[in-house]
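The structure appears below as structure tokens.
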Amino acid sequence: MSKQLQTSRPSKKPLRLVLIGKTGAGKSKTGNVILNNDTHFQCASQGSSLTQVCKSSDAIVSENWVTIVDTPGLFDTKKNNQEILDEITKCIWMTAPGPHAFLFVVRIGRFTTEDLSTLELFVKHFGENIFKFMVVIFAHYDDWKRDGVNDHSDIKDFVKTLSLKLQNIIKNKCKDRIVAFDNTLKGFESRSQVSELMSIIDVMNKSNMKDENEYYSNGDYKKAHVVIQKEVMMEKYNLERQCFREEAKMQRQIEEATDEKVKKSLAKKQDECRLKWKERLNETNIQRNVQRQPVRIIVLKNVLEIGSAGLGVLGDIIPGPVGIGFKIAATVAGIFSNIFNSIYK
Ligand SMILES: Nc1nc2c(ncn2[C@@H]2O[C@H](COP(=O)(O)OP(=O)(O)OP(=O)(O)O)[C@@H](O)[C@H]2O)c(=O)[nH]1
Ligand SMILES: [Mg+2]
């Protein structure tokens, strides 16, 4: 290659966050505020519940590549068990190999049994260990201050007014990891509450890393990780084939061109194309795209339902073209990788 290829995406530390909480607590809005853009998640209008399915979005925040999964207020939307399980499977898919933090969003001053039920639903599925990775976000801080029904401007004092059960969750289980969010703020003030959250997550991560668990994981997450890696491999193989065909076609055109000007312009086009392909073939980018595609979740659903059948033989246990695809991809990907490594790495 004539020029050193560079990728335009910065290599930031990935941070995977899951928003949980009851309907109307402010999860989607908080997600937008963290990602610094109101277009990531749709917010509910007064009194109606909006988010119906899990959605993932990402952006760079404080030097991290932050992926946030917004979840529906599972308990309040009266979903049946199967629908709840489907949403949890999606959440696992989108945050595999595991979330660095579960952000439990509560509307300050309105902590109810529904908030607790939502939390319990997640604890039931993910286990008590989830608390090691939990931060409580008190949203609607502006409303609470304006209501003036409290004598406490500090949320630490506010926590002392809560029921003993809630105080226990916050103090003993979440180790006082709390932060107030006024989602109506803009500019510097808005960013400073996000920075406070990021440093709480950072301290929590460091402490969890000492136990060799920077992010939350369980058996389902481990299975999801294996499935995603295989999907990434297949996707990479398909993209490399496309890229190979395009490269060969361009090379032929350059060799066949007789006019020097045309040759030069084709060579320039080839360089631009290689740059584009380098970006598309980047494994982190492929993985990000794979984890964004809801249709792929069906594969994970199959695996979780099959349970202990064994992950090493995914190609055998997953029926149909996907299973066959795994086997073919494993064999052929190696051959293609060698060719592409020489051009694109
Ligand atoms: N004043 C004020 N309004 C907020 C705040 N956070 C969220 N809201 C508003 O509260 C309403 C509900 O917020 P959402 O973020 O949609 O709530 P949600 O938890 O995602 O709700 P579901 O999607 O139904 O589960 C929206 O109108 C938001 O704009 C806040 O800190 N202050
Ligand atoms: Mg929502």
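The values are calculated or read from the model by the stated rules, or taken from the named source; none is laboratory data. On a predicted model such as this, the values are computed, not experimentally measured, just so you know. So basically every Cβ, Gly included, is an ideal-geometry build from the backbone, and we count neighbours across all protein chains shown. These area figures cover heavy atoms from the full protein model, side chains too; ligands, DNA and RNA do not enter into them. Shrake-Rupley method; radii C 1.70, N 1.55, O 1.52, S 1.80 Å.
Identify, please: which residue in the range 82-109 is of a type in the set (Val, Ile, Thr) and not in a loop (DSSP other than H, G, I, E, B) and is, among those, nearest to the chain's Cα centre (by Cα)? The extreme case among them is Thr95.
Applying the set (1) modelled with pLDDT of 85 or more; (2) under 24 Å from Ser190 (Cα atoms); (3) among the basic types (Lys, Arg) to Lys90 leaves exactly one unmet item: (2).
So is Asn213 at pLDDT below 95 and surrounded by 12 or more Cβ atoms within 10 Å (Cβ to Cβ) or not? Answer is yes for this residue.
Okay, residues lined up against (1) under 21 Å from Ile84 (Cα atoms); (2) open to solvent by less than 60 Å² (accessible area, probe 1.4 Å); (3) within 6 Å of ligand 1 (Cβ to nearest atom):
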| site | (1), (2), (3) |
| --- | --- |
| Leu17 | yes, yes, no |
| Ser28 | yes, yes, yes |
| Leu35 | no, yes, no |
| Asp38 | no, no, no |
| Phe41 | yes, yes, no |
| Cys54 | yes, yes, no |
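Given the structure, is Asp182 more than 15 Å from His100 (Cβ to Cβ), open to solvent by 70 Å² or more (accessible area, probe 1.4 Å) and either modelled with pLDDT of 95 or more or not in a helix (DSSP H, G or I) (or both)? No.
Considering the range 254-282 alone, what residues qualify as being open to solvent by less than 100 Å² (accessible area, probe 1.4 Å) and acidic (Asp, Glu)? Correct list: Asp259, Asp271, Glu279.
Among what's in the range 207-222 and is in a helix (DSSP H, G or I) and under 20 Å from Thr67 (Cβ atoms), pick the residue that is nearest to the chain's Cα centre (by Cα). It comes out as Tyr221.
For the range 110-149, filtered to residues that are surrounded by 17 or more Cβ atoms within 10 Å (Cβ to Cβ) and assigned to a loop (DSSP other than H, G, I, E, B), the residue that is nearest to the chain's Cα centre (by Cα) is His140. Looking across the range 238-248, the residues that are farther than 12 Å from Asn282 by Cα and open to solvent by less than 50 Å² (accessible area, probe 1.4 Å) come down to Cys243, Glu247, Ala248.
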